[in-house]
Each structure stands twice: as structure tokens, then as C-alpha cells.
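Beneath this line is the structure, given in C-alpha cells, with notes to follow.
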Ligand code: PMV
């Protein structure tokens, strides 16, 4: 009897154009396209091992050492079933390969950062899960093909199958076959692009993205404007800005899109607040830094963005990062002193997968 095993890691990604809203909640088809930067593997990542063995009685999964229930028909079950289907197809096409698609799997996943605190843990988690099974099953699938399955675990996970700058094209089909991630540019294309994560709070978020999105889709009129009139244009402008390494445009769209996402959350009934006073103070600091730079004849230096939580991500070029870190430490000494420095501020370059 043989056991098959694979271990992989996947990093988090932070969106510059936010995904918020599903048009199909089961297949996880979004109401708009989105675009993100995948961070490097060193700090925020999920490491996942997958095993299959004829002796395992059922599929099982441990997250950070604790067993998680795989609910029938739920997202974990969907991803595992879809990956087993791909393996079965592969076995049918390659009769000499071992028939392991029918075996149960055991999966163990660890995040090296707080789970569900608005630090994109579901993105790296589901990307690592799908990638671990693809490696275990020796599948020849491309990252875009795997992103179709990771998407059904957590929408944003489809973007973590690639490094660098990544777009998730929303697609138009009802079956979801054209809703997948593509790489806009690899990390080395714009290697001085860095991200600073300011961990304002590592508490679990109050409103999950699933229930928040549903409420927004049901109640926000602003969302309808955003998905029709705003995002399609921004997707084009942002891809051009990345290809041109145009930081001013990149920063402007990133900040405006974060603001609009949080405005849409506020336009939801009842309203959702993800940012807190510290988050807003960081917005004011970045705004002032940029204002002074532009007034002195320079361009924008930094771009803030916030996901479904209060933690700030600041994109900036490497040459400006020291000044930004010093500024954050100066204006937010509590942030800098209540926890070891490494736990509060995390500095990344755009990562390779
Ligand atoms: O993939 P989810 O369900 O965790 O939703 C992610 C939503 C945001 O992080 C707020 C935006 C995004 O595009 O990542």
C-alpha cells in the first residue's frame, strides 16, 4: 500500500481593484473583475500538505492544527471533489498512472499570520489547498485552470495562483468557465514595488466577506454604479499603469478603489464598517505625505488600501519605503511599541509564485 504526499506554499494577495459582490454564490462568480498584487512568500503564506492513501476512511482537513469540518457541498468539499475529478480525467488519459483519484485525502494547512483578520488568509489558504492537490495528483493544469477551482473556495484565492500582478476576469458565462485569473505582469517587471502591512488589529473581522457581500449585493445602489460604470474603466487603466510602471496612476486608482469599496460597505443596509480610527489616521498620513511630495514637484509616494478589516497595506516604491516606515513609527508609536516590530509591520516585495 502506498501513500502519496505533496507540500506547497501559497502567498496572500492584496487587491488594488477590489472584488466585492457575487452574481452566483455557489460558483463564486463576481459582479466585477478585480486586480491584485501577490506578495512574496517569506512572510504571509499558507503552507499545505496533502496526502492520499487507500487506508484513509474519509477526507479530513486540519487548519493550524485544529480539525475543520468538511461540510458536504461546502467550499472545501467542492475544491476537493473538483480536484479529484481532474485527477480521474488524467488517469483515464494516462492508463499507466496509479489510480488514486478514488482515495480519501488528508490535508494539513498552516498560516504563518492571523487567520480571518482581513489579511487575505482565505486567498492563500484555498490557493495552497488546490495547488497541493494538483501537485499530489501530478496534474498538468495551468495556474489559470487551477484558479477556476480555487475561485470556488474563496473568490480572491484564484489570484494567489500567480505571482506578481494578477487580474481576475469576471467572465460572462453562467457556468463560470471564463471567470479565472491571469497574470498581468510578473513580479520582476516592477521589482521596486513594495508593500508595507500595518497590522492595526489581528482580531477576527466582525462581518465575514461572504455575508457582507451578500448584504451589499442585496441593498447597495452604489454597488450597481461601481460595477457598471467604474470598475471596467479602472481595470483597463490599471493594467496599463502596471505595464508602464506608472506609479502615480497605480496609486491613484488603488486609493480611490479602496475608498469606493469602503463606501459601498457603508452604503450597505445595515452598514458595514471595516476601517477604524487608526485606519483613517493612516489614510490622512499617506494623503499628507503625497500632498507635500506633489507640492514639491514630485509624484505620489504611497498608496493605501484596506480589505475587509482595519489593517492598512501601503504600496510604495522601495526608495520611499524607509521614509514611510519612519513616518508610521513616528505618528503611530503605539502601533510600533505594543508588539514586536516584526509582528506589526511587514515589508514585502511583489512575490513570485
Ligand atoms: O475572497 P474573499 O471572499 O475573502 O473576499 C475578498 C474581498 C476583499 O479582500 C475585500 C477584496 C479582494 O478583492 O480581495
**OP:** Largest first and to the nearest Å, give the Cα extent of segment 144-302 along each principal axis.
**Re:** 52, 39, 33
**OP:** Set the Förster distance to 30 Å, then compute FRET efficiency between residue 104 and residue 211 from the Cβ-Cβ distance, nearest 0.05.
**Re:** 0.45
Original post:
Can you give the extra length, in nm with one decimal, that the chain gains between residue 175 and residue 56 once fully stretched, where that is 0.36 nm per residue apart less the Cα-Cα distance?
Top reply: 39.6 nm
**OP:** Treat each spin label as a single point 7 Å out from the Cα along the C-beta direction, and report the residue 291 to residue 224 distance in nm.
**Re:** 3.6 nm
Subject >> Segment residue 4-residue 66, length gained on full extension (0.36 nm per residue, minus Cα span) >> reply: 20.1 nm
**OP:** Grab the beta carbon distance between residue 192 and residue 243, set R0 = 22 Å, and tell me the FRET efficiency rounded to 0.05.
**Re:** 0.90
Original post:
So what's the projected area for segment 4-186, the Cα convex hull averaged over all directions, in nm²?
Top reply: 10.2 nm²
Subject >> Inter-part distance where segment 63-107 and segment 247-265 are each reduced to a Cα centre, Å >> reply: 38 Å
Original post:
Pairing the Cα long axis of helix 75-93 with the longest principal axis of the chain, what angle in degrees results, from 0 to 90 and rounded to the nearest 10?
Top reply: 50 degrees
Original post:
Roughly what would the spin-label model give for residue 319 and residue 263, points 7 Å off Cα along C-beta, in nm?
Top reply: 3.2 nm
**OP:** Any chance you could run the full-extension gain for residue 236 through residue 42? It's 0.36 nm times the residue separation minus the Cα-Cα distance, nm to one decimal.
**Re:** 66.8 nm
Subject >> Principal-axis tilt of helix 121-136 within the chain, Cα atoms, nearest 10 degrees >> reply: 30 degrees
Original post:
Looking at the P(r) of the chain, how many percent of alpha-carbon pairs lie beyond 36 Å?
Top reply: 20 percent
Original post:
Based on the Cβ-Cβ distance of residue 329 and residue 112, what FRET efficiency does E = 1/(1 + (r/R0)^6) give at R0 = 22 Å, to the nearest 0.05?
Top reply: 0.40
Subject >> Distant alpha-carbon pairs in segment 219-320 (separation over 25 angstrom), percent >> reply: 25 percent
Original post:
Taking only the alpha-carbon positions of segment 1-79 and ignoring solvent, what does the Debye formula give for the base-10 log of I(q)/I(0) at q = 0.19, 0.23, 0.24 Å⁻¹?
Top reply: -1.11, -1.19, -1.20
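Taken together, the values in this text are just the output of simple stated rules run on the coordinates, not laboratory data. In this text, all values refer to a predicted model and were calculated from it rather than measured experimentally. As a convention, Cβ positions derive from the backbone with ideal geometry for all residues, glycine included, and neighbour counts pool all protein chains shown.
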